Amino acid sequence: MLFFQYTSLNISLKEDIILNKQVEKNEFIYKIKADDNLNFKQESNYVIVTDEEGKRIYTIEAPIMEDANHELYAGLQVVLEEKDNEKYIKIIANKE
């Protein structure tokens, strides 16, 4: 079973992916629905959201994954993608 937990931290949102058993899926893709005046930029292993003036208004960080043995894994990747003028955030976990 797969659970998601979200925590709001000032100007960022933290998503935790909790696995109660091993699953084959290791990529999670989210379509971004936002106003056109917001800009999204990949930096290191997170995505920065800025307004029209370039002021940072939000940060999307890599989630932490917890398995059924309550082992935490922070080595997930966050990737900003664009297809057909739509933006997506892909979260990639190591399959192991």
All positions within segment 42-87 that are part of a loop (DSSP other than H, G, I, E, B) and polar (S, T, N, Q): SER44, ASN45, ASN69, ASN85
In segment 49-68, residue nearest to LEU9 (Cα to Cα) [restricted to those that are touching a Ser or Thr at 6+ places or on another chain (Cβ under 8 Å) and modelled with pLDDT of 90 or more]: ILE57
Residues of segment 23-41 classified as in a loop (DSSP other than H, G, I, E, B) and surrounded by 15 or more Cβ atoms within 10 Å (Cβ to Cβ), total: 1
Of residues in segment 1-22 being assigned to a loop (DSSP other than H, G, I, E, B) and either within 17 Å of ALA74 (Cα to Cα) or in contact with a helix residue (DSSP H, G or I) (Cβ under 7 Å, 6 or more places away or on another chain) (or both), the one most open to solvent (accessible area, probe 1.4 Å): GLN22
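The values are calculated or read from the model by the stated rules, or taken from the named source; none is laboratory data. From a predicted model like this one, the values you see are computed outputs, not experimental measurements. Cβ coordinates were reconstructed from backbone atoms using ideal geometry, including for glycine residues, and neighbour counts include every protein chain displayed. Note: accessible area is taken over every heavy atom of the protein model, side chains too, but ligands, DNA and RNA are not part of it. Shrake-Rupley method; radii C 1.70, N 1.55, O 1.52, S 1.80 Å.
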